[in-house]
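Have a look at the structure below, then the notes.
All of the numbers you see were taken from the coordinates with simple rules; none came from a lab. If you're wondering where the values come from, they're calculated on a predicted model, not measured in any experiment. Glycine also receives a Cβ, built like all others from the backbone with ideal geometry; neighbour counts cover every protein chain displayed.
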Amino acid sequence: MEKEKVNPIAILCYIGILVLIPLLVEKKDEFVKFHVKQGLVLLICEVATMIIGWFPIIGWLISFIGFFFWITLSLIGIVNVLTGKIKPLPLIGKYAQRFKI
């Protein structure tokens, strides 16, 4: 849990497809790279949840619950950015560390 200099562009990492902007613009900033990795995993999970939502009944339920879960994780990520923290997101943060950017 390091405290870094806040780069506001890192907020975009937690807003769906907008994760591509910091990915392409801020290639040298380690703080932004950390949050880009988190945002990419979150985006992959969101897309997987949308695909599951195409299946009737059980897929709809999973998608509904997943929507609120991913929104919550996005808000946690945005708070981490605003407070300058490099802290993995619950449950999915460990997968983000595997990305090489």
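Numerical summary
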| item | result |
| --- | --- |
| Segment 51-90 - residue that is more than 24 Å from ILE11 (Cα to Cα) and of a type in the set (Val, Ile, Thr) and, of those, surrounded by the fewest Cβ atoms within 10 Å (Cβ to Cβ) | ILE57 |
| Checking LYS27 against (1) within 13 Å of the chain's Cα centre (by Cα); (2) part of a loop (DSSP other than H, G, I, E, B); (3) charged (D, E, K, R), the condition it does not meet | (1) |
| Count of residues meeting criterion [of a type outside the set (A, V, I, L, M) and under 12 Å from PHE31 (Cα atoms)] in segment 53-82 | 1 |
| Segment 92-101, subset touching a residue at least 12 places away in the same chain (Cβ under 8 Å) and surrounded by fewer than 18 Cβ atoms within 10 Å (Cβ to Cβ), residue nearest to ILE21 (Cα to Cα) | ILE101 |
| Segment 13-30 - residue that is buried (at least 20 other Cβ atoms within 10 Å of the Cβ) and in contact (Cβ under 8 Å) with a residue 24 or more places away in the chain and, of those, nearest to GLY77 (Cα to Cα) | TYR14 |
| Count of segment 12-24 residues which are under 19 Å from PHE67 (Cα atoms) and assigned to a helix (DSSP H, G or I) | 7 |
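Residue-wise test of (1) part of a loop (DSSP other than H, G, I, E, B); (2) small (Gly, Ala, Ser).
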| position | (1), (2) |
| --- | --- |
| CYS45 | no, no |
| TRP54 | yes, no |
| GLY59 | no, yes |
| ILE65 | no, no |
| ILE71 | no, no |
| SER74 | no, yes |
| LEU91 | yes, no |
| TYR95 | no, no |
| LYS100 | yes, no |
